[in-house]
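The values are calculated or read from the model by the stated rules, or taken from the named source; none is laboratory data. All of these numbers come straight from a predicted model, not from anything done at the bench. Note that we place each Cβ from the backbone using ideal geometry, even for glycine, and neighbour counts take in every protein chain shown.
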């Protein structure tokens, strides 16, 4: 899945999500390796390394997770799940181009399947290569129309190109497949904000944040949207749910700046 970062601020004080959801859940999110066949289980010759990879990913230590996956792949290069895990963590770590290279090697070997093309599209979105990502994701949608993350990631790519009507259609299709999915709702809310519908964005992001599986990035995106709308008190309340005190306090100052008349 791709959980997108906010397009509305570049501050390093606010840890927001992209999906393509690292801070992603484009990090904090924990995706499954949807491109891997369920019968293609990870090599069990060294279960400790595999468990270390899973643990590092769950703790958002994506470079460490990628190193573990690379180590496992060195001994079992044909394992599809391990290769997808490597690409996913490279993407989370901000190395979208490297992730794309890994997936392209898989596609050369396995063929152009919907799940692999979705992973490739996510990598290209992460690398800000929307001109390549969009046709790849549109092909993935044709081959595997029942994958919600394909539609949601395509929506993100459309948004970056300013194609908001197509983005809304993509998010609607994703929600039909996975109703009230907080990652889809997050992306939809940021799309609404980007297209000028801040009130609608807050309503959608509030629904996302209320879901039991919502990530901290979703809640921080809600705080940011509330601040843009001048609701500093509620923005501060949401910020303090997940962030350390010093970062939350710094964010509060930034929220007040966003809400100021100038």
Problem - Flag for residue 226 being on the phi < 0 side of the Ramachandran plot and buried (at least 21 other Cβ atoms within 10 Å of the Cβ) - result: yes
Problem - Selected residue (criterion: nearest to residue 226 (Cα to Cα)) from residues of the stretch 253-262 that are touching a helix residue (DSSP H, G or I) at 6+ places or on another chain (Cβ under 9 Å) and at pLDDT 80 or above - result: 255
Fill in the blank from the handout: Considering only helices (runs of 4 or more DSSP H) wholly within the stretch 144-262, the ones with at least 1 residues that are closer than 27 Å to residue 114 by Cα and in contact with a strand residue (DSSP E or B) (Cβ under 8 Å, 6 or more places away or on another chain) are 148-160, 182-194
Exercise for the section: Report yes if residue 85 is assigned to a loop (DSSP other than H, G, I, E, B), under 15 Å from the mean Cα position of the chain (by Cα) and farther than 19 Å from residue 154 by Cβ, otherwise no. Expected result: no
Handout entry: Meets criteria (over 20 Å from residue 98 (Cβ atoms) and either modelled with pLDDT of 95 or more or surrounded by 15 or more Cβ atoms within 10 Å (Cβ to Cβ) (or both)) for residue 37
Key = no
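Answer yes or no as to whether residue 192 is modelled with pLDDT under 90 and either buried (at least 17 other Cβ atoms within 10 Å of the Cβ) or out of contact with any helix residue (DSSP H, G or I) (no Cβ under 9 Å at 6 or more places or on another chain) (or both).
no
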Practice task
Check whether at least one residue in the stretch 137-148 is farther than 23 Å from residue 72 by Cα, crowded, with 24+ Cβ neighbours inside 10 Å, at pLDDT 95 or above and in the same structural domain as residue 65 (by TED's automatic domain parsing), and report yes or no.
Solution key: yes
